[in-house]
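Have a look at the structure below, then the notes.
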Amino acid sequence: MKGYLNNIESLVRLCKYEKKYGTHKLKKLFTPVISQVLRHGYAVIPEYWSRDKCERARNKIDAFIEAGDTNLWQDPLKSDSRIMGSNNLDPDLDIYSDKYITSIISSLYNVQELHGFSMAAKLRYVEGNLGSGQGWHRDSAVVHQFKAILYLSDVAPTQGPFQYFKGSGNLFDMYCLEAKTGISIDENRLEGKLATFEKNGMEYDELCAPAGTLVIANTRGIHRGKPIEQGDRYALTNYYWKEGIPCNFKPLMN
Ligand SMILES: O=C(O)CCC(=O)C(=O)O
Ligand SMILES: [Fe+2]
C-alpha cells in the first residue's frame, strides 16, 4: 500500500485529466468497437478493405518510395519507410477521409473536429530492425491518443504485428504500473522495460491478421510494432490531434 500512496500525485493528475476529458467514456461503452478500445485498448475489425484494394495500395506505396521525389521518413537502417500525409498524395492511400473511422475516433476524443493525416508505411526485414514505433512505448503520457491502423499485407508473427499490453492505457492500470514499478506515467519510451512488465504479471497481445484488417487503438497504452523477422509489412495509419498537427511533423508532410 505504501508504494501506491507514494504515487498519489500521479493518480490525482490522471483523475483530473480524465474528469476533464474522459467523462464521456461511460456512455460510449454501449458501442461495441468503442467499448473494446476503452476497455482493452484496441478493437479489431476484419475485412475492412478487400485484398484488391490492399494490393493497389501496396503498389502505390512502392511506386512513391521508388519515385524518389516523395517526402519520405526512414529509420537509420532503412527498414521503416514512411509517407506522412499519404492521403494528400493519392486516394488509394487515404483512410483519413473514411467516414466510419472518423466517427469512431471523434467519439473517442469526444470532439467534432479533428486534425491529422494518413501515413503509409512499408517495413522490411533488415538485421537489427526495431519494428514500427522503434520499440515499446506510449505515444503520449496522460493525454489521450487514438489511432487507426489498416494492415495492407498479411501480418504473421514474423511480419511485425502490432503488440499491445491490454488495458495499459487505462487510468487505473497506468497508475498501478507506476506505483508497482516506479515507471512514471510521464515516461513514454519504454524499450528495455519488457522484463519489468512481465515480472509484474503483464501480458501483451499480438495482432496477427490478414491484409484488410483495421485496428483502432488507444496508443496511450504500451505498444510497439514487433521487429520484422522476415519479408515486409505494409500499413496505413491515421494520426489525430485535437488542436492541429504539431509543428515537428510539418517538414515531413506530403
Ligand atoms: O505500426 C505499428 O504496429 C505500431 C506503430 C506505433 O507505434 C504507432 O503507430 O503508434
Ligand atoms: Fe506508437
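FYI, it's all coordinate maths here, none of it is from the lab. Treat the numbers as computed from the prediction; the structure is a model and nothing was measured.
Kindly give Rg over Rh for the chain, based on alpha-carbon atoms, with the Kirkwood expression for the hydrodynamic radius. Don't jump to the answer; show the numbers that get you there.
Numbers: Rg = 18.1 Å, Rh = 18.8 Å.
Ratio of gyration radius to Kirkwood radius: 0.96.
Among K25/K250; K19/K226; K20/K250; K199/K226, which pairs are too far apart, with a Cα-Cα distance over 23 Å? If you can, show how the numbers build up before the last one.
Values: K25/K250 31 Å; K19/K226 34 Å; K20/K250 29 Å; K199/K226 20 Å.
Table pairs above 23 Å Cα-Cα are K25/K250; K19/K226; K20/K250.
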Query - Hull-based mean projected area of the range 113-254, where the convex hull spans the alpha carbons, in square nanometres - result: 9.1 nm²
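With viscosity set to 0.890 mPa s at 25 °C, what whole-number translational diffusion coefficient in µm²/s follows for the range 1-121 from Stokes-Einstein and a Kirkwood radius over Cα pairs?
On the way: Rh = 17.7 Å.
Estimated via Stokes-Einstein, D reaches 139 µm²/s.
Equivalent-ellipsoid semi-axes (√(5λ), Cα gyration tensor) for the range 55-102, whole Å, largest first? List each step's numbers first, then the result.
Working: eigenvalues 89, 30, 19 Å².
In descending order, the three semi-axes are 21, 12, 10 Å.
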Query raised in the report: Using every alpha carbon pair in the range 85-134, what percent of pairs falls into each 10 Å bin from 0 up to the bin containing the largest distance?
Result: 21, 36, 30, 11, 1
Report summary line: If one compares the long axis through the Cα atoms of helix 99-109 with the longest principal axis of the Cα atoms of the chain, the angle in degrees, nearest 10, works out at 20 degrees
**Report entry** Dimensionless Rg/Rh of the range 170-240 - Kirkwood Rh, Rg from C-alpha atoms
**Finding:** 1.00
Query raised in the report: Rounded to the nearest 500 deg cm²/dmol, what is the calculated helix-only ellipticity per residue at 222 nm for the chain, with -39500 (n - 2.57) per DSSP H run of length n ≥ 4?
Result: -9000 deg cm²/dmol
Query raised in the report: Could you give the angle, 0 to 90 degrees to the nearest 10, between helix 171-181's Cα long axis and the longest principal axis of the Cα atoms of the chain?
Result: 70 degrees
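Rounded to the nearest angstrom and ordered from largest down, what semi-axes does the equivalent ellipsoid of the range 1-66 get from its C-alpha gyration tensor (root of 5λ)?
Values: eigenvalues 329, 68, 26 Å².
In descending order the semi-axes read 41, 18, 11 Å.
Jot down the per residue volume, in cubic angstrom and as a whole number, of the convex hull over the alpha-carbon atoms of the range 131-191. Walk me through the numbers on the way to the answer.
Working: hull volume 6.0 nm³, N = 61.
Enclosed volume per residue, from the Cα hull, is 98 Å³.
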